[in-house]
Amino acid sequence: MSHSRRPLRTFVAGQGVNALGSMVSTLALPLVAVDRLHATTLAVGALEAVEWLPAVLIGLPVGALVDRHQARARSIMMAANLGQALAVAAVPAAAAIGALSVGVLLAAAATAGLFTVWFQAGYSPYLRAIIDGDDYLTATSQTRGVKSVARLIGPTLAGALVEAVGAATTVLADAASFLISLVSLAVLPAASPAPHPEPATSLTAQMRQGLAHLWTDRLLRTLAWATASINLFLTAMGAIEIVFLVRDVHAPADWIGILIALAGLGGVIGSVFANRLSRRFGLERLARTAVIATAPAALLMPLTSHGPGMVFFALAGPPTSLGIAIVSISISTLRLQHCPEHLLARVTTTSRTLTAATIPVGALLGGALGQLLGTRTALLLLAAGYVTFGLLLLATPSLQELPNTHERVQAASQTTSAQNAATPPTQHGNAGGRA
């Protein structure tokens, strides 16, 4: 397998297009619910929540299955892209025949979320398979960078498309982006088999190994806790911000797209400078301080009003997304560097399962608070909670005293290999690792 920069560039380009389509849907789907179907604030929150429920329900077994078949990670991701494309294409198809409803939106979001679980399970093992260890930080910075650019361009594009062809038809752009991602993966090399394959054990035992490693490893446990907490607050705010802009601020669709796009500026800046900052200050220190340094900007969002008052929303977004980009790059790189290769899909999906469990809670929390208190008050409470979390993360004991990452990975790999050698293969059905 080639470890040249060409596979990484192709991979990053495909994921950039995919992210662009997803950002279009991030604006278009809630607008379908709010403008066309007149959905409640709680229903809009549920639209975000159901997309993450599959990760909660099947994330752990999917991670174990992908770890068994890491050499097929690319094929798994391609199949998932196809499923995602068909799921989101159901929305404009239903609109074309007059069958569009909130139920259809929820079903499409849940189905897309189901395939996303498989895609994300294969993502980290495949990315690590096509790059060298020295390129982990570069790879995570580049992938986050193109996603930040997509966040900058996507909402503006979505707003223009919604005004031109309607929100439901705009969702077709997301379906097309999944197909482009599929094609980009098809031209890349397949992943090589794991250098030290695990002996055949039951799926349940493999799931327990992933859970145990995440729980007992201080660094990975803290990363998972931080990611889940950040997403709880951001999802809660994101679930109601479009409703807030439509119903409280009375902003038109194209201006909503511009306002949300402006937040992407911070993500682009963070992606550009995260590499340099992390080499100067260290990934762990950077991750711990980035949130509290940028979280207070979220308190500007509830001050937004119609006309010139929309500047507050424009000022709130870039610093917040700057912190998120830096934290995301730091956490992703630390996980790639730190986790033993044969456990990567399990640890990634276990972390994602914990995160996914907080996202439906956050989306429903945001929707419920918005409906009970009004979206402006809800945004204020959630922004204050996000700032409080930043203070707690800053107060978390430093992880810099941990032993050298390479030594920890080697030790964890040797420990798990010894445990596997002492575990006889199960004889129950397909549990031996052959699906």
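The values are calculated or read from the model by the stated rules, or taken from the named source; none is laboratory data. This structure is a prediction, so every number in the text was calculated from the model and none was measured. In this analysis, Cβ positions are derived from the backbone assuming ideal geometry, glycine residues included, and neighbour counts consider all displayed protein chains.
Exactly one condition in (1) in a helix (DSSP H, G or I); (2) modelled with pLDDT of 50 or more is false for residue 398; which is it?
(1)
Looking at region 73-105 only, could you name the residues that are more than 17 Å from residue 185 (Cβ to Cβ) and under 19 Å from the mean Cα position of the chain (by Cα)?
Selection gives 87, 88.
Just to check your reading of the model, which residue among 158, 129, 167 is among the hydrophobic types (A, V, I, L, M, F, W, C), modelled with pLDDT under 85, farther than 18 Å from residue 254 by Cβ and over 17 Å from the mean Cα position of the chain (by Cα)?
129
Checking the condition buried (at least 23 other Cβ atoms within 10 Å of the Cβ), of a type in the set (Gly, Ala, Ser) and over 13 Å from residue 126 (Cβ atoms), which residue from 90, 73, 108 passes?
108
Just for region 1-50: of the residues that are modelled with pLDDT of 80 or more and in a loop (DSSP other than H, G, I, E, B), which one is farthest from residue 129 (Cα to Cα)?
Only one residue tops the list, namely 38.
Does residue 129 satisfy being farther than 19 Å from residue 331 by Cβ and in a helix (DSSP H, G or I)?
yes
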